[in-house]
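Asks: Encoded as C-alpha cells, here's the structure I'll be asking about.
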Amino acid sequence: MLEETEKATYTIPVGPIHPALKEPVRLALTIDGEEIVDVDVFVGQVHRGIEWLGMNRNNPVQTIYLAERVCGICNICHPLAFVMAVEHAAGITPPPRAEYIRTIAAEMERIHSHLLWAGVAAHEIGFDTIFYLAWRVREEIMDLIEYLTGNRVTKGVVQIGGVRRDITEEQFPRIRKSLDYYKGLFDQLRKVFLDDRTIRMRTKHVGVLSKEDALKLLAVGPTARASGVTKDIRQDQPYAAYADLDVQAMTPDMLTGTVVGDTYDRIIVRLLEVKQSIAIIEQCLESMPPGPILAQPKMPVLLKTLANAEGEGIGRVEAPRGEVVHYVRLEAGRETLANWRIRAPTYVNLMCVPTMLKGGQIADVPIAFASIDPCQSCANRMVVTDRALGTRSIMDYEEMHRISVQRTEEL
Amino acid sequence: MELLSPTGVIDSFKAALSDSLLYARLYECEVAVKKNAFRTIWLHVERDAFREAVEHVCELQEYPHLAIISCSDLGQAVELTYHFTIYYGRRFAELSLGLRVDLPKTDLKVPTITDLIPGALFAEREIQEMIGVEVTGIPDSRRLFLPDDFPDGVYPWRTDETGPPADMLRVLPGRQQKQC
C-alpha cells in the first residue's frame with residue numbers, strides 16, 4: 001500500500017520566486033496525477049528583521065517611515081497601525097480632522113490595491129485583456145493619491161498624533177471627479193468580472209475555504225469575509241473616522257444570496273469593497289470636521305513626550321488584505337521603541353492555503369493562491385521532482401502559466 | 001452567546017483564575033468626532049494558569065482570533081504576550097485582549113494552544129525559533145522564517161549570550177548600535 005502511494009505521488013515545489021506573487025514564498029505540492037493531495041508552505045525568503053531595525057531607529061517618528069516600507073501596497077495601513085499603537089501607548093489623541101484624512105488615505109489605498117489584485121488575478125488565468133483594463137482604470141486612483149499626498153507609492157502622510165498633509169476644500173472637486181469615474185465604471189467592472197463565462201468557470205468552486213476552517217485557521221480580510229465570516233475591524237472595533245461612519249462587513253451573499261467561500265466569492269467581496277470605499281470617502285468629504293491636523297505640531301515636544309512615555313499599545317487596521325496588527329511598547333527615559341511587533345494579514349491567511357488547494361488541480365494553483373492576495377511575492381520557475389525516477393527538471397513559470405492558460409482555452 | 005461588558009470580561013477572568021491573575025487593566029480611549037470608545041484589555045497571568053486562561057478566552061468566544069505572540073527578553077525572564085480578539089463580527093463589540101505570561105530563563109517552556117486554536121501554529125513556530133521558548137506539544141516544530149542553515153542555539157530576539165553574535169550584525173556606517 002505504502003509502496004503504491006510512493007509511486008503515485010510527486011512533490012512539486014512552487015517558488016520561492018513566482019510571478020503570481022509579489023514577494024517570495026515556496027509551496028511544496030504533493031500531487032497524485034493532476035490532483036493536489038498535500039500542501040506545505042515555506043516562508044522566510046524575504047525576512048528582513050524589520051522589527052529589529054525599527055527598534056534601532058533613533059526615535060518612533062523615524063520608525064514610521066520604516067513601517068511604510070514594510071509593504072509596497074499597504075503603505076498607509078502599516079504606518080497607521082504603528083502610529084495608533086504608539087498613540088495608545090503614549091496617550092496621544094489625534095484631532096478629528098486628522099482621523100478623517102487618515103480614513104480617506106486608507107480607503108484610496110484599498111481601491112488601488114483591489115484593482116491591482118483584479119488585474120493580477122485575470123493575468124493568472126491568462127485573461128490579459130482584463131489585466132490591462134484593470135490596471136488602466138487603476139491609474140485614476142493612483143493619480144488622485146499623487147495629487148493628494150505628493151507620491152504614488154510611499155505617501156508619508158501619517159504622523160504620530162495626526163497627519164502631515166491636509167486635504168482642503170479646493171481639492172474636493174478633484175476627489176469627487178475620480179470617485180464619479182469609478183462609480184460610472186462599477187457596472188462595467190461587475191459585468192466583466194462576474195458575468196464572464198471564462199472567469200466563472202475558472203473561479204467557481206476553486207480554492208474553497210469553509211466558514212469553519214476560516215475561523216479555525218484565523219483567516220482575515222476578504223479571504224475570511226468570502227467564507228461568510230462577518231469580520232472587519234472597521235465594523236467591529238472602529239478606529240479613525242470609521243467610528244463615526246456606518247461600515248458593514250461585505251460578504252458575497254449580499255450580491256448572490258449564497259456563500260460558497262471560493263475564488264469567485266473573493267472577487268465579489270473585493271468588488272463590493274471598492275464600491276464601499278467610494279461611499280466611505282464621500283461620507284468623509286461631507287462630514288469632515290474643521291480644526292488642526294496634528295495633536296502636537298512641534299517635533300521636539302513630540303519627541304520629548306514619546307521619550308518620557310511609558311506603556312504598551314496595540315494598533316489594528318483593516319488593510320486591503322485583512323487585519324494589520326502592530327504592538328508597541330515604550331519605556332520612560334528611552335527614546336527608541338522597547339518593543340515592536342508586526343502581524344501582516346498574509347501571515348495568517350497563508351495557513352489557509354493548504355486547505356484551499358487540497359483536492360484541486362495544479363492548473364488552478366496560480367489563481368487559487370492569488371485569491372488570498374498574498375502579500376509576499378513572486379515564482380519564476382518551479383522545480384519538478386519526480387520521486388519515483390529520482391530526476392529533477394525545471395519547469396519555469398512560463399510553462400506553468402501556459403498550463404493555466406491552456407485550461408482556460410479548453411473550457 | 002451573551003456578550004460581557006469590558007469590565008465584565010475582566011471580572012470573569014478574576015473569577016476563573018483568582019490569585020493566578022497578576023493584573024488586569026482596561027485601556028480606553030475616544031475616537032474621532034462621536035467619541036466612540038476603543039478598548040483594549042491587558043492581562044498578566046501566572047505561567048501555571050496560562051492554559052486555563054486561554055481556555056477561558058475560548059469560553060468567551062468560540063474560535064477566538066489570535067493575532068500574534070509578541071516577545072520581550074526581560075533579562076532573567078522572557079515575556080510572551082498573546083494578542084487575542086474576541087466578540088468580532090459585531091459593530092463596536094470587538095475587544096483586543098493582551099494575555100501576558102512570563103517564563104523564567106531557567107525553564108523556557110510554554111504549552112501549545114494549537115489544540116484550542118489550530119491557526120496559532122505559525123505564531124508558535126516563530127517564537128520557538130526567534131526567542132528560544134520551547135512550545136510543548138506543538139504538532140510541527142520546524143523553523144518558520146529562519147533558514148535551515150541558521151546556527152542552533154542562536155535566537156535573534158534575545159539580548160543575552162544566546163542572541164545574535166556581533167559578527168552576525170551589520171551596523172551601518174555612521175550609526176551606533178542601540179540595543180540587542
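Since every read-out is calculated from the coordinates, none of them should be taken as a lab result. What you see is a predicted model; the values in this text were computed from it and never measured. Reconstructed Cβ throughout: ideal geometry from the backbone, glycine too, with neighbour counts over all protein chains shown.
Asks: Between 0 and 90 degrees, rounded to the nearest ten: what's the tilt of helix A:96-124 against the longest Cα principal axis of chain A?
Replies: So the helix axis and the longest Cα principal axis differ by about 20 degrees.
Asks: Tell me what the protein assembly as shown gives for mean residue ellipticity at 222 nm when only DSSP H runs of n ≥ 4 count, each as -39,500 (n - 2.57), the sum divided by the residue total, rounded to 500 deg cm²/dmol. Display every interim value, and only then the final one.
Replies: Numbers: 21 runs with 231 residues, N = 591.
Roughly -12000 deg cm²/dmol at 222 nm, from the helical runs in the protein assembly as shown.
Asks: Follow-up question, since we're still on this one. Nearest 20 debye, what's the magnitude of the dipole of segment A:50-346 about its Cα centre given +1 on Lys and Arg Cβ and -1 on Asp and Glu Cβ? Intermediate results must be reported in sequence, preceding the final value.
Replies: On the way: 37 positive and 37 negative charges, 95 e Å.
That gives a dipole near 460 debye.
Asks: Continuing with the same structure: Take every Cα-Cα pair in segment A:190-286 and report what % of them are more than 15 Å apart.
Replies: Details: 2879 of 4656 pairs.
That fraction is 62 percent.
Asks: Could you tell me the largest-minus-smallest coordinate of the C-alpha atoms of segment A:249-335 on each of the three principal axes, in descending order and whole angstroms?
Replies: Ordered largest first, segment A:249-335 gives principal extents of 56, 31, 13 Å.
Asks: Just name one of B:Pro147, B:Ala32, B:Val135: the one whose Cα is farthest towards the positive end of the charge dipole of segment B:5-149 (beta-carbon charges, Lys/Arg +1, Asp/Glu -1).
Replies: Going by the Cα projections, it comes out as B:Ala32.
Asks: Using 7 Å Cα-to-Cβ label points, what is the A:Lys216/A:Tyr132 separation (nm, one decimal)?
Replies: In this crude spin-label approximation the distance works out to 4.5 nm.
Asks: Also, I was wondering about something else. Arrange the following residues from fewest to most other Cβ atoms within 10 Å of their Cβ: B:Phe150, B:Phe145, A:Phe127.
Replies: Least crowded to most crowded, the residues run B:Phe150, B:Phe145, A:Phe127.
Asks: Here's something else I'd like to know. Could you tell me the convex hull volume per residue, in Å³, taken over the Cα atoms of segment B:1-141? It would help to have the intermediate numbers written out before the result.
Replies: Details: hull volume 16.8 nm³, N = 141.
So the per-residue Cα hull volume is 119 Å³.
Asks: I'd like the distance between the alpha-carbon centres of segment A:141-170 and segment B:77-117, rounded to an integer number of Å.
Replies: 36 Å
Asks: Among A:263-271, A:59-67, how do they line up from the highest to the lowest mean number of other beta-carbon atoms within 10 Å?
Replies: Ranking the peptides A:263-271, A:59-67 by packing returns A:263-271, A:59-67.
Asks: So, one more: Lysines near A:Lys191 by alpha-carbon distance under 22 Å, same-chain residues fewer than 8 away left out - which ones?
Replies: Within the straight-line limit of under 22 Å, A:Lys191 reaches these lysines: A:Lys183, A:Lys204, A:Lys275.
Asks: If we sort B:122-131, A:226-235 on the protection proxy, mean other Cβ atoms within 10 Å, highest first, what's the order?
Replies: The most tightly packed comes first, giving A:226-235, B:122-131.
Asks: Given a cut-off of under 8 Å on Cα pairs at least six residues apart, what relative contact order in percent is computed for chain A? All intermediate terms of the calculation are to be shown ahead of the outcome.
Replies: Values: 818 pairs, mean separation 119.9, N = 411.
Normalised by residue count, the contact order of chain A is 29 percent.
Asks: Report Rg (one decimal) and Dmax (nearest whole number) for segment A:50-346, counting Cα atoms only, units Å.
Replies: Just the Cα atoms of segment A:50-346 yield Rg and Dmax of 19.5, 63 Å.
Asks: Okay, next question. For the Cα atoms of chain B, what angle does the longest principal axis make with the long axis of helix B:50-60, in degrees from 0 to 90, nearest 10?
Replies: Computed tilt is about 40 degrees.
Asks: Among the aspartates and glutamates, which have Cα under 17 Å from the Cα of B:Lys35 when same-chain residues fewer than 8 positions away are ignored?
Replies: By straight Cα distance, B:Lys35 reaches A:Glu87, A:Glu99, A:Asp236, A:Asp244, A:Asp246, B:Glu94.
Asks: Hey, got the average number of other protein chain Cβ atoms within 10 angstrom for residues in B:31-44?
Replies: On the way: counts 13, 19, 11, 6, 3, 6, 3, 9, 1, 6, 0, 4, 0, 0.
Taking all residues of B:31-44 together, the mean is 6.
Asks: Work through the residues other than B:Thr7 whose Cβ is under 12 Å from its Cβ and net out their charges, Lys, Arg +1 and Asp, Glu -1. Could the numbers behind the result be given before it?
Replies: Working: positive: B:Lys14, B:Arg25, B:Arg39; negative: B:Asp11, B:Glu28.
So the environment of B:Thr7 carries a net charge of +1.
Asks: Return the average number of partner chain Cβ atoms within 10 angstrom of each residue Cβ along peptide A:214-224. Let's see the in-between values first.
Replies: Numbers: counts 2, 9, 4, 7, 13, 2, 3, 0, 0, 0, 3.
Other-chain Cβ atoms within 10 Å of each residue's Cβ, averaged: 4.
Asks: Follow-up question, since we're still on this one. Would you work out which of B:Ser72, A:His326, A:Val405 lies farthest towards the positive end of the dipole of the protein assembly as shown? Charges go on Cβ: Lys and Arg +1, Asp and Glu -1.
Replies: Positive-most Cα among the choices belongs to A:His326.
Asks: What per residue convex hull volume, in Å³, comes out for the protein assembly as shown when only alpha-carbon positions are used? Write out the running numbers ahead of the final one.
Replies: On the way: hull volume 97.1 nm³, N = 591.
Expressed per residue, the convex hull around the Cα atoms of the protein assembly as shown is 164 Å³.
Asks: Compute the long axis of helix B:6-17 from its Cα atoms, compare it with the longest principal axis of the Cα atoms of chain B, and write down the angle in degrees, 0 to 90, nearest 10.
Replies: 70 degrees
Asks: To the nearest whole number, what is the average tally of beta carbon atoms from other chains within 10 Å of the beta carbons of peptide B:14-26?
Replies: Values: counts 0, 0, 0, 0, 0, 0, 0, 0, 0, 0, 0, 2, 0.
Across the residues of B:14-26, the mean count of other-chain Cβ atoms within 10 Å is 0.
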